1. Could you list, in sequence order, all residues of the stretch 376-404 that are farther than 24 Å from Ile243 by Cβ and either touching a Ser or Thr at 6+ places or on another chain (Cβ under 7 Å) or among the aliphatic types (A, V, I, L, M) (or both)?
2. Could you tell me whether any residue of the stretch 312-325 is surrounded by fewer than 23 Cβ atoms within 10 Å (Cβ to Cβ), in contact with a Gly (Cβ under 6 Å, 6 or more places away or on another chain) and either touching a residue at least 24 places away in the same chain (Cβ under 8 Å) or in a loop (DSSP other than H, G, I, E, B) (or both)?
3. Condition first: of a type in the set (A, V, I, L, M), within 18 Å of Ser461 (Cα to Cα) and touching a residue at least 60 places away in the same chain (Cβ under 8 Å). Can you find one or more residues in the stretch 515-529 that meet it?
4. If you go through the stretch 104-128 one residue at a time, how many are more than 20 Å from Ser30 (Cβ to Cβ) and at pLDDT 95 or above?
5. Name every residue in the stretch 380-424 that is touching a residue at least 24 places away in the same chain (Cβ under 8 Å), more than 13 Å from Ser334 (Cα to Cα) and not in a strand (DSSP E or B), in order of residue number.
6. Which condition number in (1) under 30 Å from Val220 (Cβ atoms); (2) assigned to a strand (DSSP E or B) is the one that Gly306 fails?
7. For the stretch 219-256, which positions are without any contact (Cβ under 8 Å) to a residue 60 or more places away in the chain and under 24 Å from Ser312 (Cα atoms)?
8. Take the stretch 407-465 and flag every residue that is among the hydroxyl-bearing types (Ser, Thr, Tyr), surrounded by 11 or more Cβ atoms within 10 Å (Cβ to Cβ) and under 24 Å from Leu502 (Cβ atoms).
Amino acid sequence: MNSLVRYQLIPLVILTTSGFLEGQQALSISTSSLPPASVGVSYSATLQATGGVPPYTWSLLSGTLPVGLSLDSSSGAITGVPAQTFATPGVVSPTSGATALTFEVRDSAGSAVTAALPISVALPLTITTTALPAGTQGFPYNACIYVSGGDTSTAGLSWNVQTGNLPPGISLNSGGTCPVLPGDQMIEVSGTPAQSGNFPFTLVVRDSDGRTAIEAYSLVINPTAASPAALSLTPSQLSFTAIEGSTASLAQSVAVSLTSGGSAGYSASVSQGGNWLSVSPSAGSTPATIIATVNVGTLGPGKYTGAIQISSAAAVNTPQAVSVTLTVTPPAPSITSVMSSASFAAGALAPGALVTIMGTALGPSTGVAVPSAVGAFGTTLAGVQALFNGTPAPLLYVSSTVVNAVVPFIESGQAIVAVQISYNGALSNTVSVPIAAAAPGLFTAASSGVGQGSILNQDYSVNSASNPAAAGSVVAVYGTGGGLFQPALADGTIAGSALSTLVLPVTATVNGAAATVVYSGSAPGLIAGVMQINVEIPAGTPSGNAPITISVGGVATQAGVTVAVR
């Protein structure tokens, strides 16, 4: 329900005086309040003073008059056409901490006094309902009268019948069954009329500042018919469910008829809800079928409510409403591929392997990474879980299209692992991936699966073309997919200084020549599943980018990874 914020100033006690002639009345401001103003409506108010030595000079000591108003210094007249309210329409409470308007009057003898006076500016108060539907004696009646504008920030609107009378049995009631319309307030005219006839009356509404709006009505109450006709809507409630981002329109029908049968004109319109709801046709004759259509558009996940109002002058219960509920659900996650996070090759996975899962709607639209971990990486991140045979896996990064996870250390002899993504409770499709004892891959500097490997020289500096390793020195090569470790590593933990070695045998070649493997096992400081292979560069290896391959249990890493040798 809309209301407008007013600029409220609290009058202050006037204390400022100067010298007076003997017997002369003290100068004072006799104006205690200013009338309310409305946007776009000509405004005029005059500040009044008594005593002192006229003529008077008026000024505004502090604060700023509402846009469009000005003060005449000689007459004290405040005039103009207000151009805006003091706050955006729709804000319920008054502006906090607003600067007071402090006016000063000074007489010709130099005496001066001040006063703080409030001015309220709101949109014009307007009754937007100009006619009421007819009713029938002895049958329940309700109609809604809407009003816009005015100022309700301090108190609500007051409604009164100024002239004439409502039909016996009919009264004004706040709220009731009237649908809430954005920016409007309402009063309900309802009850069971006890007498037929034509009842003219004038309704006046007043806001908290004293603005008024008046509208004249003539409410016709028809005599009770032998077989009164009533609107019948089947169904009276509609429920739609759609997926976020869906471009397809969804439609359901409502049968409109009269309980007495026969034909009568009707109208149909959306009375509550946004532009996601429409109805057609907007008018016709009973019996008829109307179509309610919803379009998701840019709506996010959530539940939206609306209403369609059907009216017929021939029905004693007009208008009637059909409630509409639209539930928008996020799209289900969908996996398109599962690959090694090191080699980016699809195929078999090994226990503890770092993997990249690609797809759609896998997680939040903005990616979320684990910045650091103390002790262990969690298995839930931003509402996402990666499931391997139903077991949640440690997560490193999640987004709508990419999830980086670590395959749990599966020790059984199963040949296939079922991979799924769960996002906010919604499960993706299942992708079956072979599980092998080892499926090694090497990390690369460009995170592309080829080129310069993620390798440290013997002095722990990063190996590169500008910082090559000497033949005969030892380099640390990093990869994943080496399988189980001994002693066993727990899922998601950070490898410590107590080393675990790979269970399967490890060999290496550099530039096609066999190279000595000094160490093969866990990588201290990195998540369990990353393997560190310390390899001695064979003597006589030519300088340049030499191909390097690691084999675990006879399974070789991808081709195209190099180590820089000087």
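1. Step one: filter the stretch 376-404 for residues farther than 24 Å from Ile243 by Cβ, giving 376-379, 388-397, 404.
Ala376, Pro392, Ala393, Pro394, Leu395, Leu396, Asn404 - these are the residues of the stretch 376-404 that are farther than 24 Å from Ile243 by Cβ and either touching a Ser or Thr at 6+ places or on another chain (Cβ under 7 Å) or among the aliphatic types (A, V, I, L, M) (or both).
2. Within the stretch 312-325, not a single residue is surrounded by fewer than 23 Cβ atoms within 10 Å (Cβ to Cβ), in contact with a Gly (Cβ under 6 Å, 6 or more places away or on another chain) and either touching a residue at least 24 places away in the same chain (Cβ under 8 Å) or in a loop (DSSP other than H, G, I, E, B) (or both).
3. Looking through the stretch 515-529, none of the residues is of a type in the set (A, V, I, L, M), within 18 Å of Ser461 (Cα to Cα) and touching a residue at least 60 places away in the same chain (Cβ under 8 Å).
4. The qualifying residues number 0.
5. Gly383, Asn389, Gly390, Ala393, Pro394, Val407, Pro408, Phe409, Ile410, Glu411, Gln414, Asn424
6. Here Gly306 clears every test but (1).
7. Narrowing the stretch 219-256 to residues without any contact (Cβ under 8 Å) to a residue 60 or more places away in the chain: 226-227, 232, 234, 246-253, 255-256.
Within the stretch 219-256, Ala226, Ser227, Ser232, Thr234, Ala251, Gln252, Ser253, Ala255, Val256 qualify.
8. Correct list: Thr444, Ser447, Ser454.
The values are calculated or read from the model by the stated rules, or taken from the named source; none is laboratory data. Predicted model only: the values in this text are computed from it and were never measured. Counting neighbours? That spans all protein chains shown, and the Cβs are built from the backbone with ideal geometry, glycine included.
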